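Single-structure report; data block below.
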Amino acid sequence: MAATVLPVPFERSPGYWANVWRRFRREKLAVFAGCVLLAILLMAIFAPYIAPKDPTFGTMLRRLRPIGTPGFPLGSDELGRDMLSRLIYGARLSLFMGVVPVFIAFFIGSVIGIAAGYIGGAFNMVVMRIIDVFFAFPSVLLAIALSGAMGAGITNGLISLTVVFIPPIARIAESVTTGVRKLDYVEAARASGASAFTVVRTQVLGNVIGPIFVYATSLISVSMILASGLSFLGLGVRPPEPEWGLMLNTLRTAIYVQPWVAALPGLFIFITSIAFNLLSDGLRTALDVKD
Amino acid sequence: MRSPEPILSIQGLKKHFKLPTKGFFGREKPVVRAVDGITFDVIPGETLGIVGESGCGKSTTARLIIDLIHRDAGAILFEGKAMGEALSPKEYRRHVQMVFQDSFASLNPRMIVRDIIAFGPMVHGMPQKEAEELAYSLLTKVGLDPARFAGRYPHELSGGQRQRVNIARALAFRPKVLILDEAVSALDKSVEAQVLNLLTDLKAEFNLTYLFISHDLNVVRYISDRVMVMYLGECVEIGPVDEVYAHPRHPYTRALLSAMPSMDPDKRTMEPPLAGDPPNPINPPPGCRFHTRCRFAEDVCGTVSPVPTVRGSMHFAACHIGTPGSGHSRAGETT
Amino acid sequence: MSVSPIVSVRDLTVTFKGPPDVHAVNGVSFDLAPGEVLGILGESGSGKSVTLKTLLRLLPEKRTTIGGTISVAGQDVVALQGRALADYRGRVASMVFQDPALALDPVFTVGQQISEAVIRHEGVSKAEARKRALEMLERVRIPSPARRLDAYPHEMSGGMRQRAMIALALACRPKLLLADEPTTALDATVQIQILLLLRELQRDFGMSVIFVTHDIGAAVEVSDRLAVMYAGKFVETGGVRDILRDPRHPYTRGLLAANLHGAEKGTRLEAIPGAPPALHEAPTSCSFAPRCRHAEERCHHALPPVVPLGEARNVRCILAEAARQDA
């Protein structure tokens, strides 16, 4: 018998993520949502080039103009600032406040959840009961309480939102990991003598990260709405920074004067969060590889 | 005749699982005595079959031997060295490997076949390139063309092919003992025969010792040199397979063997050898665990646990019948 | 044969719409006499379970295309709809499964379930139905049946649940019992009890049984006749003795050898190489040819002939043809 069989230019199957991508492309609605989000992202990045006016410059002479006013295609706000420019610039902070807390929580929550799920036993018990304490409060209330305690500001808003999202992500990570841990291939890897860290890195991670990620993306819309809510209550972003939630707050007094203009930030929040949810649904379907 | 030095020596292995429920205020929690003190040796180069029905503890025994679940009591000696003492678990696992029953669940769905096989050696410090070459050569050995299969994911393979990959993965450690836990049971009969042939070839080529766990008595007879029969966490009989099949000494072994379909329409089984289901291993009966279903049971069987006695070369059975002075009316009879 | 058959199946085909399409059953024909037991033997994906489920019309309507004819006790099963189909199931033909959980509802007691079936099909009083339920539990030898009448399925052990399911299936005295691997998941000592029970009940009730299994041993214990199924076709049919003593189809031979009953230790097993086909298209040649040692050129190009060898014995193979010409 020959010692080795070499070289082997073997046929390689398309990888898991290639399959996921192939499935995702079949989800028309999710792809469309992805395009919408991409457009909003581009709008946020290139805001200085796209926005016709300075978002913070207003004139009291042109307050609350209706949509379609020459020079103010989407009207102007209560301080006479150009709504179009403010909405374009507002995408920056709103997206930031939607994505970043979830992103950070995704990492921290995954680590906590995977550790609890893999180690199990008493450690799992303690960690998960602590997590449960956070579940006792509605997430809105928790975010408000934390922000209120730490004071207004972008950083504090960010921290409080991150804290709000860690428990649900950790819980999902824990349950997925607990399921995977009992499977024979993890047992086989343990039986190889590999350290727990190696087993988690090579065998567990790839199989749990997908579901956790899908869940996290579904939280982005919640995060955006909560961030807007915090700003609306005066706890998140402070004026005169353009941010959709804050704009909704300051324009609420104008709801009877210019209802369409006042509703615009809300429309943007709505569209963006719906898009994130549709994207998340599409990812869920695409990641659910069974055959 | 002095038997050769065992390659694997299992001494008083015990595992009790506590059930989480119904343990109020000092009332004792129910305990599943999954494996309750079994002792046996595995001789180098042999195939030891382990048979028994569900709940008899044969799969738990496999997982205990490979240390996937930790034993409550007992010792596992590999070539005379105690695992966990003279021999580190990591080192031990290079020598003793396992093939699981569920060929799908035992392969990581996110890894290609080559990486699945190369994983073990790399854990033990083999450079990646070398481990991959080893994977190719092992694929050839288990009858899968590396050019076609090395880059495949498990879900693209058939059950038989996946089980071949499982075997290759276990062999990548160059083990001396391979535990096959119902490794062919989930396969179709025609594919099962292929894998059994493969196991026979590999055993010769790599000088392996097999622990072959199965519920299929035909397969065990074909592949094993010796067989151990388990009932409710205990070993009731162990001996050379032909001797045990031809002259079973324990009433349970006899029942199990006569429960095999006859394969002859003119000699169909007329009477079921046992009534009812195997009892639950939670709080098993005292004395001989089989006495509740045994037609020869007497008072002594319900109180005293039988001690294994020898007849012939290395043929042990734990039954009061056949044990002189046991108190059974037929004690000492050769059955 | 003078007795008219209770089951008559002609050119049955079953296709599942894909993607990809699966041609699960590809032209199955057989008759079953009253009181006869037919064992259908095959591996996973051979179409044996699909054939059985088609006889009770249990397959999802939307995805399934059924071709050919099925007649059970004079009824055209393929055409049955609504009320007539409900009356047919349980009354004319009924089924036992590998997993009792498929047949027993976890939220009702065993007694309630059997009584309900009897009331629905026979319109008897509640007390009458309960009496029948008790009688059935006695028939299937469930210990202390009066107490078990009020037990929920989860309160019973595996073998007992299997018995309860058989009691439910036979409560309305069907003429035909369809058994889908009823003993596969059971332990050896329980399996033989259930096999013997089925044999006894079949004799007492005089019903016909179709027993589907992959376990030759189990099939031999209960069957009068065997049909070996491969890739959606019966490749060999005949009396159980004939097939066991003189298997003619190479696949049957391979299966018998793979059972390892009496296999010589240390000898190599005559394993069938390869794996069964995926059946995404209806076969146009012998499906077994790619795995067959005796395959000739023509096996790969045309469907093999059905060679009749004596009464109710057919082999779908050119080898049998040659043997017949020699004789």
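Quick notes on this structure:
- Single residue of region B:233-283 satisfying the filter (more than 17 Å from C:LEU196 (Cβ to Cβ) and among the β-branched types (Val, Ile, Thr)) that is nearest to the other protein chains (Cβ to nearest Cβ): B:VAL241
- Candidates C:LEU260, C:LEU255 - the one that is under 18 Å from C:VAL235 (Cα atoms) and facing chain B (nearest Cβ under 8 Å): C:LEU255
- Looking at B:LEU180, B:LEU157, just one residue is buried (at least 24 other Cβ atoms within 10 Å of the Cβ) and touching a helix residue (DSSP H, G or I) at 6+ places or on another chain (Cβ under 8 Å), and that residue is B:LEU180.
- Scanning region C:86-124 for residues that are under 24 Å from the mean Cα position of the chain (by Cα) and part of a loop (DSSP other than H, G, I, E, B) returns C:VAL92, C:PHE97, C:GLN98, C:ASP99, C:ALA103, C:LEU104, C:ASP105.
- Residue match in region B:201-213 (condition: over 15 Å from B:VAL96 (Cα atoms), in contact (Cβ under 8 Å) with a residue 12 or more places away in the chain and within 12 Å of chain C (Cβ to nearest Cβ)): no
- Identity of the residue in region C:269-297, free of Cβ contacts under 8 Å to residues at least 24 places away in the same chain and exposed (fewer than 12 other Cβ atoms within 10 Å of the Cβ), that ends up nearest to B:LEU199 (Cα to Cα): C:GLU297
- Top-ranked residue of region B:228-275 - restricted to ones that are charged (D, E, K, R) and either at pLDDT below 85 or not in a helix (DSSP H, G or I) (or both), ranked as nearest to B:ALA331 (Cα to Cα): B:ARG249
- Some residue of region B:306-323 being of a type in the set (Ser, Thr, Tyr), assigned by TED's automatic domain parsing to the domain that holds B:VAL227 and over 26 Å from B:LEU48 (Cβ atoms): no
- Qualifying residue in region B:24-44 (condition: assigned to a loop (DSSP other than H, G, I, E, B) and at pLDDT 90 or above): yes
- Annotation note: of B:ASP145, B:ASP216, the sole residue that is over 15 Å from the mean Cα position of the chain (by Cα), within 28 Å of C:GLY254 (Cα to Cα) and either within 12 Å of another protein chain (Cβ to nearest Cβ) or at pLDDT 90 or above (or both) is B:ASP145.
- Pair list, Cβ < 8 Å and 6+ apart or interchain, from region B:1-13 residues that are surrounded by fewer than 18 Cβ atoms within 10 Å (Cβ to Cβ) to residues that are among the hydroxyl-bearing types (Ser, Thr, Tyr) and at pLDDT 85 or above: B:GLN11/B:THR39; B:GLY12/B:THR39
- Condition check for C:ARG241: basic (Lys, Arg), out of contact with any Lys or Arg (no Cβ under 9 Å at 6 or more places or on another chain) and assigned to a helix (DSSP H, G or I): yes
- Within region A:233-249, the residues that satisfy the criterion of being over 20 Å from the mean Cα position of the chain (by Cα) and part of a helix (DSSP H, G or I) are A:MET247, A:LEU248, A:ASN249.
- Test: B:ILE179 is outside any helix (DSSP H, G or I), in contact with a strand residue (DSSP E or B) (Cβ under 7 Å, 6 or more places away or on another chain) and either more than 10 Å from every other protein chain (Cβ to nearest Cβ) or among the β-branched types (Val, Ile, Thr) (or both): yes
- Hey, C:ALA312 part of a loop (DSSP other than H, G, I, E, B), among the hydrophobic types (A, V, I, L, M, F, W, C) and without any contact (Cβ under 8 Å) to a residue 40 or more places away in the chain or not: no
The values are calculated or read from the model by the stated rules, or taken from the named source; none is laboratory data. Here the structure is a predicted model, which means the values were calculated and not measured. Backbone-built Cβ (ideal geometry, glycine too); neighbour counts: all protein chains shown.
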